[in-house]
1. Report the calculated FRET efficiency for Tyr34 and Asp132 (r = Cβ-Cβ distance, R0 = 25 Å), to the nearest 0.05.
2. Counting only residues 5 or more places away or on other chains, whose amide H sits under 5 Å from the amide H of Phe51 once H atoms are built in the peptide plane?
3. What percent of all Cα-Cα pairs in the chain falls in each 10 Å bin, counting up from 0?
4. Mind checking which of Pro66, Tyr42, Val189 is farthest towards the positive end of the chain's charge dipole, using Cβ charges of +1 (Lys, Arg) and -1 (Asp, Glu) about the Cα centre?
5. Equivalent-ellipsoid semi-axes (√(5λ), Cα gyration tensor) for region 26-86, whole Å, largest first?
6. Please list, in order along region 24-35, the HN-Hα scalar couplings obtained from phi with the Karplus expression 6.51 cos²θ - 1.76 cosθ + 1.60 (θ = phi - 60°), rounded to whole Hz, x for Gly and Pro.
7. By how many nm would the segment from Lys114 to Met16 lengthen if fully extended, with 0.36 nm per residue of separation less the alpha-carbon distance?
8. Given a Förster distance of 25 Å, report the FRET efficiency between Glu153 and Val189 from their Cβ-Cβ distance, rounded to the nearest 0.05.
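The values are calculated or read from the model by the stated rules, or taken from the named source; none is laboratory data. Since this is a predicted model, take the numbers as computed values, not measurements. Backbone-built Cβ (ideal geometry, glycine too); neighbour counts: all protein chains shown. Each accessible area value is taken on the protein alone, full model and side chains, heavy atoms only, with ligands, DNA and RNA left out. Shrake-Rupley method; radii C 1.70, N 1.55, O 1.52, S 1.80 Å.
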Amino acid sequence: QEVITREVIETLDKGMPSHQVVLTDTPRPRDAKYQEYFAFFYRADRVRPTFSSYVPDPDDRFVRDPFVACFAVTNGDRDELCLMTVHIVWGKRVGERKQEILALDDAMRWAQSKDTTSAWVVLGDFNRVVDDGDADDRPEEEWAELLSPDALEVPLMHIGVDVPTTLGADGYANAYDHIFVSASLGKRVVDAGRFDFVAEHCAGEFDTCKTTVSDHAPVTLRLRARSAPHN
């Protein structure tokens, strides 16, 4: 996400010969000075892309349209995994973020209409926490439709990264980056979390990492293979 120039991705792709990339051909938003692309890297010896598209947004509910890509195992004949990447607007008011999150269930209905047999992952920078830590222990109201068991053909659950992932001047600040998966994948989750690249690559200097690498730490999800034993 937040790929500002295609050249960066193309350079990175050349440096990873075992991988290929699904890269959007046009940025979002189309008519703004600040634009970004979306990219999915994948192991070409393991999977092949079968479908990719921006989610149609005729009512202009998103500043950056979510982007969907589906993949199948290389030696298989059906889709195995579909992913929708999301970068919710920051905006001038929190209400703008909530409105885009409220539109995600409709985006997912369109996406799942293209594929109802695959497992689904929704991931990205949502610029909002899922649960603000209040006493009711439930997701905030804007997430209700996306996470309702009856809202989607393939219901989603929040795997989540319940630790801060955005970088402040001297520490992690906000838990804005999330991962949602369909129930079939939820049973196969080995672990999910934040990759602390500040400690790994910036000697613990948050301000250095924020200005030279990224203002968000990567979030990760590891799944047990379908054929792997459950222990």
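1. Numbers: r = 28 Å, r/R0 = 1.13.
That gives a FRET efficiency of 0.35.
2. The answer is Cys70.
3. Going out from 0 Å in 10 Å bins, the chain shows 7, 29, 40, 21, 3, 0 percent.
4. Value computed over the given set: Tyr42.
5. Working: eigenvalues 151, 31, 9 Å².
Whole-Å semi-axes of the equivalent ellipsoid: 27, 12, 7.
6. Going residue by residue, I get 4, 8, 10, x, 10, x, 6, 10, 10, 5, 8, 10 Hz, with x marking Gly and Pro.
7. Values: separation 98, 0.36 × 98 = 35.28 nm, distance 3.02 nm.
Length gained between Lys114 and Met16: 32.3 nm.
8. Values: r = 21 Å, r/R0 = 0.84.
Computed FRET efficiency for Glu153 and Val189 comes out at 0.75.
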